[in-house]
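The values are calculated or read from the model by the stated rules, or taken from the named source; none is laboratory data. Since the structure is predicted, the reported quantities are computational estimates derived from the model, not experimental observations. Cβ placement follows ideal geometry from the backbone for every residue including glycine, while neighbour counts extend to all protein chains displayed. Keep in mind that these areas ignore ligands, DNA and RNA; they rest on the heavy atoms of the full protein, side chains included. Shrake-Rupley method; radii C 1.70, N 1.55, O 1.52, S 1.80 Å.
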Amino acid sequence: MPESKPSLTSVALKGINVYNFTSPEALIDYVDANPAILVAVNAEKVVNAGPQLVEIINDNIGYCDGAGAVKGLHLKGHSEAVRIPGCELWLKIIDRFHAEKSFYFVGGKPGVVDEVVKKLREKYPEISIKGYRDGFIADDAERDALIGDVAATAPDVVFVAMGSPRQEILMSEMKRRHPHAIYQGLGGSFDVFTGHQQRAPRWWRNHNLEFLYRFYATPMRLPRLKSYLLYAFKLYTGQL
């Protein structure tokens, strides 16, 4: 008899439900059939997420973006779960659906999102982009106009690169007006894609140390290291 595949379940890490996806392709298949907000979960997010962000994640699809989240699922009996970096996932989504779905892009500094769209149109001439804009939203009127435009143009996939929890809160507001799209928060992925920010070298990624490289490359992030240390302490003492 063929070996049965592990069933897709969500596992709670400090009240945040994280799905045990076995590959990026499995995640994409799932969200294609069940459109929702894709939220990258890592150690920092588990430690620091407030009630609003926790609610958004648990109402949608949290996935293992960080090595700490993967380790958490492994220790809870889900050794099949793998790390799925969000900065790679959005490009896999575009590669899968560029000829059949439409897209909307929000985020990045002024000019960066223009570079993103230019690069994507060069690679995928047939891609349908319903709209795009940078992540600097001046006031509530501008925010409402953006949400209204997403609802009016009705893209199939919306990417928002504004950092957490701002991007998740905005996507949840968009989803209320336009509920049938796939949404994904991207943090600084537009900067990486356009070359304005360098990702960790492959050795660091292959050894699940990408988060440490970011501290090495950007010392101003060092105060945030305590969240990762606290997560590791709680994980290995059974407090998650």
Within the range 102-116, track down each residue that is closer than 24 Å to Ser172 by Cβ and either at pLDDT 95 or above or hydroxyl-bearing (Ser, Thr, Tyr) (or both).
Ser102, Phe103, Tyr104, Phe105, Val106, Gly107, Val112, Val113, Val116
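Show me the strands (runs of 3 or more DSSP E) entirely contained within the range 1-101 in which 1 or more residues are of a type in the set (Val, Ile, Thr) and modelled with pLDDT under 95. I'd like the intermediate steps shown before the answer.
On the way: elements: 10-13, 16-19, 37-41, 61-64.
The strands (runs of 3 or more DSSP E) meeting that bar are 10-13.
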For the condition modelled with pLDDT of 95 or more and touching a helix residue (DSSP H, G or I) at 6+ places or on another chain (Cβ under 6 Å), what is the one hit in Ser128, Ser172?
Ser172
Looking at the range 13-21, can you tell me whether even one residue there is touching a helix residue (DSSP H, G or I) at 6+ places or on another chain (Cβ under 7 Å), of a type outside the set (A, V, I, L, M, F, W, C) and loosely packed, with under 14 Cβ neighbours inside 10 Å?
yes
How about the range 131-155: which of its residues are open to solvent by 40 Å² or more (accessible area, probe 1.4 Å) and either touching a residue at least 60 places away in the same chain (Cβ under 8 Å) or out of contact with any helix residue (DSSP H, G or I) (no Cβ under 7 Å at 6 or more places or on another chain) (or both)?
Phe136, Ala138, Asp139, Asp140, Ala141, Glu142, Arg143, Asp144, Ala145, Asp149, Ala152, Ala154
Starting from residues that are touching a strand residue (DSSP E or B) at 6+ places or on another chain (Cβ under 8 Å) and free of Cβ contacts under 8 Å to residues at least 40 places away in the same chain, keep the ones in the range 29-58 and report whichever is farthest from Lys175 (Cα to Cα).
Val41
Condition (residue is assigned to a helix (DSSP H, G or I), of a type in the set (Asp, Glu) and in contact (Cβ under 8 Å) with a residue 12 or more places away in the chain) applied to the range 106-120: is it met by at least one residue?
yes
